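Taking it in order: structure first as structure tokens, then the write-up.
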Amino acid sequence: MKNYWLVKSEPEAYSWSDLVKEKKTSWTGVRNFKARNNLRSMRVGDEVLFYHSVTDKAVVGIAKVVRAAYPDRTAKEGDWSTVDLAPVKPLRNPVTLDQIKVKRSLRNISLIRQSRLSVHALTAAEFREILNPR
């Protein structure tokens, strides 16, 4: 069964266009236990919303998991994981955080409740609802 996720990145650090240019990336540097556990729950084929944080605050594209969790080689200490993501398609119209917040059905998603978390689990319904901003 496919799962759905949202990953956040500051566009100045790593943007959607960087992912498109590279065609694949290892989602390294996650140092939060909840986010790490979310990475470890990802499976090949899962769909991922790519969210620009801080400046844009919008979902800008859809990616997919192309390699399940493995040890994050950038970690100097501790038990941290990464996954590999590849771009699927950009969103013609990015979905802003403000558009997400006004939807009653999305007010309890972790993006709203735990805004500092960098890797969020979504239900299939939440994933579809975010992509339908009307």
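Read-outs throughout are calculated quantities, based only on the coordinates presented, and are distinct from any laboratory measurement. A quick note: this is a predicted structure, and the numbers were derived from the prediction, not measured. Cβ placement follows ideal geometry from the backbone for every residue including glycine, while neighbour counts extend to all protein chains displayed.
What the table below lists for this structure:
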quantity: The chain, helix-only ellipticity at 222 nm - DSSP H runs n ≥ 4, -39,500 (n - 2.57), divided by all residues, nearest 500; calculated: -6000 deg cm²/dmol
quantity: Additional length obtainable on full extension of the chain from K2 to R116, 0.36 nm per residue less Cα span; calculated: 38.6 nm
quantity: Computed label-point distance, nm, for sites S26 and K76 using a 7 Å Cα→Cβ extension; calculated: 1.8
quantity: Of K57, K21, K76, the one that fluctuates the most in a GNM where the chain has Cα springs shorter than 10 Å; calculated: K76
quantity: Amide H contacts of Y4 (H built 1.01 Å from N, under 5 Å, at least 5 apart or other chain); calculated: L122
quantity: Lys, Arg +1 and Asp, Glu -1 on Cβ, resulting dipole of the chain about Cα centre, debye, nearest 20; calculated: 360
quantity: Most mobile of T82, T28, T55 in a GNM of the chain (Cα contacts under 10 Å); calculated: T55
quantity: Candidates A63, A75, A86, ranked by Gaussian network fluctuation over the chain, Cα under 10 Å, top entry; calculated: A75
quantity: Partner aspartates and glutamates for K89 [C-alpha distance under 16 Å; skip if fewer than 8 residues away on the same chain]; calculated: D18, E22, D46, E47
quantity: Dipole axis of region 40-122 (+1 Lys, Arg; -1 Asp, Glu on Cβ), positive-most option in S53, N93, S105; calculated: S105
